[in-house]
Amino acid sequence: MWLVERRVRCLAAMAGLLALAACAPPIRGVAPPAGAWPTPQIQQQEVIPPVPVISLAMPDALTNDPEAQRFQLLRRLVEEGLATIDEATARRTANLGALLPYSAPPPAAGLDRPAPLQEIANQLSRFKYAPKGPDSAVSAERDFLLESLLPLAQGSRAPAARTETGALQLGRRRIDALADLGLVGPDERQREVEAIERGEQALANAPKPPPPPPPQTKKKVHKKKPADGLKPGDVPGGVVPAKTKGPMAVHLLSMASETMTDKAVAALKTEYPELATLEFKAVKTDIPDLGTTYRLLAGPLGKPEAEALCKTMRTKGQSCAVTDF
């Protein structure tokens, strides 16, 4: 029974609340009381200072001078506070020979090659607001950039300056331009000019080289041709190596045509009686780059006899080679 009475009371209370809500005016355009809603958390973004832009407009006098351009950038870095005076002085001193090639030791090798100067300047500008320290990554990269500009490390050195007349004249004009731009001081300019003058004086006092000898023309020697087309010396038309088996022969000459055989044999037998008892024959041979030739052979002979006969023939000025018959 008590459960039924409780439900009746609850229903009556709910009905009263609904009636009150229907009679109350609506609440619109009224801000909620303080603390009704949580305050949103606004993330604060880090303010990064703008990166300064370094003007690298090079003077006309440095347009074709990559070495001097490096020193010009180094001076701008000091002016912008991106490099200290001590850093700049150390790197300038280590490579002073690039500005004073005739009065200072040679600089590091490779300074005459163009460098990405604007890129180096931009990166160093970004580091101006980055944390610095001997162990920071920024410090290591900053040292790398300065090293690529003008190295301190004692690596390979550039070759000594050229001392011919044209190079000395160019050096004199260059040192005046560098002095006008303030890249070298008055004392440095004076030392360089004096060194150039010593080089010019040494060239003036050097003995002149003797004139080259006139070209020698070789006299054309006209060799007397033997009669009947016979030629002493090596066998014309090439030699065919002999085999170790079978009868041997001596190769005396080569002919352009087989029709010359009888005439050549008669001439050889007349001049060399030791050939009179031998049998002669013309062997057709195709030789690269020469074409067809006919080798005149005399034989048959044993190998010792053929070698002895060839030796005798050569002492008399007749070409001869041992080959197969």
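Among the residues making up region 286-323, those that are touching a Pro at 6+ places or on another chain (Cβ under 7 Å) and small (Gly, Ala, Ser) are Gly299, Gly317, Ser319. For region 268-297, a tally of residues being crowded, with 16+ Cβ neighbours inside 10 Å and part of a helix (DSSP H, G or I) returns 3. Of the residues Glu200, Glu271, the single one that is at pLDDT 85 or above and in the same structural domain as Leu178 (by TED's automatic domain parsing) is Glu200. Between Asn64, Asn122, the distinction of being surrounded by fewer than 18 Cβ atoms within 10 Å (Cβ to Cβ), in contact (Cβ under 8 Å) with a residue 40 or more places away in the chain and among the polar types (S, T, N, Q) belongs to Asn122 only. Pairing residues of region 278-302 that are more than 19 Å from Ser319 (Cα to Cα) and small (Gly, Ala, Ser) with residues that are at pLDDT below 85 and surrounded by 11 or more Cβ atoms within 10 Å (Cβ to Cβ), at Cβ distances under 9 Å and at least 6 apart in sequence or on separate chains, gives Gly291/Ala256.
The values are calculated or read from the model by the stated rules, or taken from the named source; none is laboratory data. All figures in this text were calculated on a predicted structure; none of them were measured in a lab. No Cβ is skipped: glycine too gets one built from the backbone with ideal geometry, and neighbour counts run over all protein chains shown.
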